[in-house]
Amino acid sequence: MNITKEDNSKIQLNNNTSESLRLGVLLAIVGGFLDAYTFICRGGVFANAQTGNIVLVGVEATKGNFVQASMALLPILAFIFGIIVTEQIKDFSFPSSTSVTYSERIILLIEIIVLFIIGFIPNTVPHAFVTIPISFVSSVQIASFGKLIDSPYSTTMCTGNLRSASQAAYKAFVKKDSNAAIKTGRYVIVILSFIAGACFAGILTSQFEIKSIWFAVIVLILSLGLFNIDEYIFRHNHKNENTL
């Protein structure tokens with residue numbers, strides 16, 4: 001398949017937005033917020049990462065508590081389903097005249113809709129009705145936004161980011177690697193953004209309880225706006241170049 005100059009520009013525009021630090025900051029805020037939100041007012045669980053649920057499946061199964069094991073398995077299945085949905089969206093063939101950034105925009109729109117609906121689910125219903133869709137949201141975000149400029153990262157959990165930040169910091173201080181120092185700074189910013197999201201959750205859930213999740217919706221709308229802003233700037237600059 002031949003890639004035209006215009007197609008290459010669209011791809012570059014997509015990468016500049018989806019892999020940018022500013023988008024990573026917004027998504028990390030959402031990731032930290034959702035983890036704290038589910039822990040504070042949706043059953044005391046962390047819905048973003050599935051390691052705990054996998055452990056619970058094994059523990060409960062060995063005890064013969066198959067109902068509890070099945071309940072722990074549901075968010076894992078939701079997570080897997082989210083990955084599959086994301087890959088299907090990425091594989092979908094848009095008309096050649098459209099920008100490749102639409103797949104990321106669709107993912108963000110899905111997150112916005114799901115989290116907006118969760119804000120209406122009362123605390124009287126089983127928490128699984130909330131933690132399962134949040135596991136789905138987490139998976140589509142992980143599968144869609146996994147690269148920070150030139151480095152892998154995650155916006156919904158911090159273990160990998162801490163490891164990568166530590167490795168980069170070692171290279172920066174011990175081996176005097178300036179590029180590693182820059183990477184360390186990016187990872188630290190993302191980690192601090194995740195912490196900030198958790199802080200926002202602690203503050204807002206005390207005021208607005210379950211509806212505080214709409215804060216994450218607002219941040220995702222801002223994230224979606226980044227794509228529109230970047231595309232507008234790109235088209236405006238491209239138009240000016242053509243008129244010179």
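The values are calculated or read from the model by the stated rules, or taken from the named source; none is laboratory data. Bear in mind the structure is a predicted one, so any value in this text is a computation, not a measurement. Using ideal geometry, Cβ is built from the backbone for each residue, glycine included, and neighbour counts are taken over all protein chains shown. Only protein heavy atoms, including side chains, enter the accessible area calculation; ligands, DNA and RNA are left aside. Shrake-Rupley method; radii C 1.70, N 1.55, O 1.52, S 1.80 Å.
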| task | For the range 56-73, state whether one or more residues are more than 17 Å from Thr159 (Cα to Cα), open to solvent by less than 70 Å² (accessible area, probe 1.4 Å), of a type in the set (Asp, Glu) and in a helix (DSSP H, G or I). | result | yes
| note | Within the range 214-226, residues in contact (Cβ under 8 Å) with a residue 60 or more places away in the chain and either loosely packed, with under 14 Cβ neighbours inside 10 Å or within 15 Å of the chain's Cα centre (by Cα) (or both) come out as Phe215, Ala216, Val217, Val219, Leu220, Ile221, Leu222, Ser223, Leu224, Leu226
| request: Would you be able to tell me the number of residues in the range 34-92 that are touching a His at 6+ places or on another chain (Cβ under 6 Å) and basic (Lys, Arg)? | output: 1
| Any chance Asn53 is under 28 Å from Ile210 (Cβ atoms) and at pLDDT below 90 | yes
| task | Could you look through the range 106-132, keep only residues that are under 16 Å from Ala49 (Cα atoms) and hydrophobic (A, V, I, L, M, F, W, C), and pick out the one that is most open to solvent (accessible area, probe 1.4 Å)? | result | Ile132
| note | With the first residue restricted to the range 89-107 and required to be among the acidic types (Asp, Glu), and the second required to be at pLDDT 50 or above, Cβ contacts under 6 Å at 6 or more apart or on different chains are Glu104/Ser18; Glu104/Ser144
| query | Just to be sure, is Ala180 open to solvent by 20 Å² or more (accessible area, probe 1.4 Å), touching a helix residue (DSSP H, G or I) at 6+ places or on another chain (Cβ under 7 Å) and either among the aliphatic types (A, V, I, L, M) or at pLDDT below 95 (or both)? | reply | no
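Take Thr86 and decide whether it is modelled with pLDDT of 90 or more, open to solvent by 90 Å² or more (accessible area, probe 1.4 Å) and among the β-branched types (Val, Ile, Thr).
no
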| task | Confirm whether Ile121 is among the hydrophobic types (A, V, I, L, M, F, W, C), part of a loop (DSSP other than H, G, I, E, B) and either without any contact (Cβ under 8 Å) to a residue 40 or more places away in the chain or in contact with a helix residue (DSSP H, G or I) (Cβ under 7 Å, 6 or more places away or on another chain) (or both). | result | yes
| Counting only residues that are surrounded by fewer than 20 Cβ atoms within 10 Å (Cβ to Cβ) and basic (Lys, Arg), how many does the range 19-48 have? | 1
| task | Mind listing whichever residues of the range 133-163 are open to solvent by 10 Å² or more (accessible area, probe 1.4 Å) and over 16 Å from Ser20 (Cβ atoms)? | result | Pro133, Phe136, Ile142, Ala143, Met157, Cys158, Thr159, Gly160, Leu162, Arg163
| task | Read through the list (1) open to solvent by less than 20 Å² (accessible area, probe 1.4 Å); (2) modelled with pLDDT under 95; (3) under 24 Å from Leu73 (Cα atoms), then give the number of the only condition that Ser103 fails. | result | (3)
| helices (runs of 4 or more DSSP H) (entirely within the range 155-244) containing at least 3 residues that are among the hydroxyl-bearing types (Ser, Thr, Tyr) and more than 27 Å from Val140 (Cβ to Cβ) | 178-208
| Which of the following residues is in contact with a helix residue (DSSP H, G or I) (Cβ under 6 Å, 6 or more places away or on another chain), within 25 Å of Phe215 (Cβ to Cβ) and part of a helix (DSSP H, G or I): Phe116, Phe46? | Phe116
| of a type in the set (A, V, I, L, M), in contact with a helix residue (DSSP H, G or I) (Cβ under 7 Å, 6 or more places away or on another chain) and modelled with pLDDT under 95: does that describe Ala143? | yes
| query | Taking the range 175-207 only, how many residues are over 20 Å from Glu111 (Cα atoms) and among the aromatic types (Phe, Trp, Tyr)? | reply | 1
